[in-house]
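Have a look at the structure below, then the notes.
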Amino acid sequence: MTRLRRKALVALFLFTLFIFGTMMGLRTLKPSDGFSDMAPGMDFAGERSDRRHADVRDVAAAASPGHSHMGSSSDTKVVFSRSDRDYSIFYDVHIFYYLWYGSPGVDNKYIHWDHVLVPHWDPKIAASHAQGKHTPPEDIASSFYPELGPYSSRDPKVLESHMAQIEAAAAGVLVLSWYPPSVADDHGEPTEDLVPAVMDAAHRHSIKVAFHIQPYKGRTEQSMHDNIRYITDKYGKHGAFYRFRSSTGRVLPLFYVYDSYLTPPETWAELLTAKGSHSIRGTPYDGIFMALIVEERHKHDILASGFDGMYTYFASNGFSFGSSHQNWKAIKSFCDANNLLFVPSVGPGYVDTAVRPWNNHNTRNRVNGRYYETSLQAALSVRPEIVTVTSFNQWHEGTQIEKAVPKKTTTRLYLDYQPNQPDHYLELTRQWAENFNKEKDKWLM
């Protein structure tokens with residue numbers, strides 16, 4: 001009898017251990033929700049209705065020779081014909097892209113790859129973590145290592161490789177992180193002069209370019225008005241400039257506005273409502289303006305501001321209200337009820353401890369692509385008109401789908417995509433982009 005009781009206890013212990021292990025594994029796929037102690041943004045600190053609902057049918061510029069627009073989806077995709085098969089890229093799949101990298105061969109020094117280790121705002125916590133900055137090329141500010149090495153965004157070969165990879169992923173719109181001329185993030189240098197090269201490279205691959213306006217110092221409704229005029233005047237006639245048709249039939253560019261919550265709703269309303277003192281509504285500089293939703297209260301602020309919609313950006317499920325998959329249905333319902341566009345953002349994972357060593361609690365493991373697929377499924381379940389991917393190449397936060405390779409040095413062991421190939425996340429993106437468009441066809445039936 002004692003032997004049977006012992007066996008039963010051993011079996012119960014093993015079963016309990018199995019359940020615990022399973023729950024820990026599932027945490028990487030669906031972490032608990034709730035706002036963390038990390039404020040949003042690359043250099044975040046612990047400090048802080050006159051609209052048209054967008055029909056996301058992109059008014060694609062004429063495709064280059066050898067491309068053709070097909071069937072009823074001609075406004076949402078371009079079909080490439082090759083000897084072996086046809087394949088498409090989709091203008092309702094947008095991907096965030098960064099231009100801030102530099103290397104000695106092109107820029108005479110490393111830029112961003114040598115990013116500082118950002119100290120925690122609590123001195124007691126900061127004291128228990130490493131400080132200083134990275135020393136490329138062996139030690140870079142990322143937990144992964146790019147196949148192209150610590151590259152320069154100004155290298156034409158790099159730009160061409162990036163556009164080929166984005167095309168392979170079937171993402172039709174590159175959302176370019178943008179600062180005004182002579183302005184840069186705290187750890188980089190101005191890149192606006194590189195935008196024409198990006199536009200040209202994108203156009204060669206029938207990719208469109210939208211602008212992701214960053215929260216530079218001194219950003220106001222007046223400076224934003226100037227920014228929109230500048231971008232539209234300088235790039236509006238380029239074949240790669242992204243526009244889509246509003247429900248009124250007007251062809252309008254789309255702008256993402258990062259950390260939009262830093263500006264009060266009444267200030268945004270001066271720019272984004274018809275009666276505002278600096279209003280762009282009904283002018284040649286009108287557009288579709290997307291605000292970032294982080295906290296739940298932001299959805300009401302976005303509505304009052306005059307924005308046309310909201311996006312979630314962050315690839316860490318549970319990091320914020322907006323990035324938590326379980327909240328997307330409610331956000332979509334709010335947007336539908338108020339004639340706003342909801343654009344969920346999905347990502348392959350998240351790990352920023354190479355620049356924020358104290359932020360391990362927000363890491364989301366990739367699980368060989370299953371985390372990404374969970375995110376994509378959550379996005380499709382709310383039937384959005386656009387899905388954004390975070391990101392193509394935000395290496396600091398480990399959200400990139402760009403090709404990465406295994407790398408080991410005397411001081412570092414980088415994460416990689418094994419047992420899959422370097423293009424694994426490009427392939428997953430293509431598969432889900434194709435599935436997204438098949439699902440949309442069903443929704444419209």
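The values are calculated or read from the model by the stated rules, or taken from the named source; none is laboratory data. Because the structure is a prediction, the values reported are computed rather than measured. FYI the Cβ positions are ideal-geometry reconstructions off the backbone, even for glycines, and counts take in every protein chain you see. SASA here: full protein model, heavy atoms, side chains in, ligands and nucleic acids out. Shrake-Rupley method; radii C 1.70, N 1.55, O 1.52, S 1.80 Å.
Below, the figures for the structure above:
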| read-out | value |
| --- | --- |
| Subset tally (residues that are part of a loop (DSSP other than H, G, I, E, B), crowded, with 18+ Cβ neighbours inside 10 Å and β-branched (Val, Ile, Thr)) for region 383-436 | 4 |
| Among residues of region 121-130, those that are surrounded by 11 or more Cβ atoms within 10 Å (Cβ to Cβ) and within 26 Å of residue 393 (Cβ to Cβ), counted | 1 |
| Enumeration of residues in region 243-295 that are open to solvent by less than 40 Å² (accessible area, probe 1.4 Å) and of a type in the set (D, E, K, R) | 259, 281, 286 |
| Region 328-342, residues that are under 10 Å from residue 299 (Cβ atoms) and under 19 Å from the mean Cα position of the chain (by Cα) | 331, 342 |
| Criterion: in contact with a Gly (Cβ under 6 Å, 6 or more places away or on another chain), farther than 30 Å from residue 279 by Cα and not aromatic (Phe, Trp, Tyr) - qualifying residue of 364, 356 | 364 |
| Residues of region 351-362 satisfying the condition of being out of contact with any helix residue (DSSP H, G or I) (no Cβ under 6 Å at 6 or more places or on another chain) and buried (at least 17 other Cβ atoms within 10 Å of the Cβ) | 351, 354, 356, 357, 359, 362 |
| Enumeration of residues in region 166-181 that are assigned to a helix (DSSP H, G or I) and open to solvent by 10 Å² or more (accessible area, probe 1.4 Å) | 167, 168 |
| Meets criteria (acidic (Asp, Glu), more than 26 Å from residue 394 (Cα to Cα) and under 23 Å from the mean Cα position of the chain (by Cα)) for residue 301 | yes |
| Count - residues of region 240-279 that are among the β-branched types (Val, Ile, Thr) and touching a Phe, Trp or Tyr at 6+ places or on another chain (Cβ under 9 Å) | 2 |
| Test set (1) open to solvent by 20 Å² or more (accessible area, probe 1.4 Å); (2) in a loop (DSSP other than H, G, I, E, B); (3) of a type outside the set (Phe, Trp, Tyr); (4) within 30 Å of residue 312 (Cα to Cα) - residue 135 fails condition number | (4) |
| Meets criteria (at pLDDT 95 or above, in contact with an Asp or Glu (Cβ under 7 Å, 6 or more places away or on another chain) and among the hydrophobic types (A, V, I, L, M, F, W, C)) for residue 210 | no |
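Quick grid of which residues meet (1) in contact with an Asp or Glu (Cβ under 7 Å, 6 or more places away or on another chain); (2) among the basic types (Lys, Arg); (3) open to solvent by 10 Å² or more (accessible area, probe 1.4 Å); (4) part of a helix (DSSP H, G or I):
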{"position": "139", "(1), (2), (3), (4)": "no, no, yes, no"}
{"position": "163", "(1), (2), (3), (4)": "no, no, no, yes"}
{"position": "203", "(1), (2), (3), (4)": "no, no, yes, yes"}
{"position": "233", "(1), (2), (3), (4)": "no, no, yes, yes"}
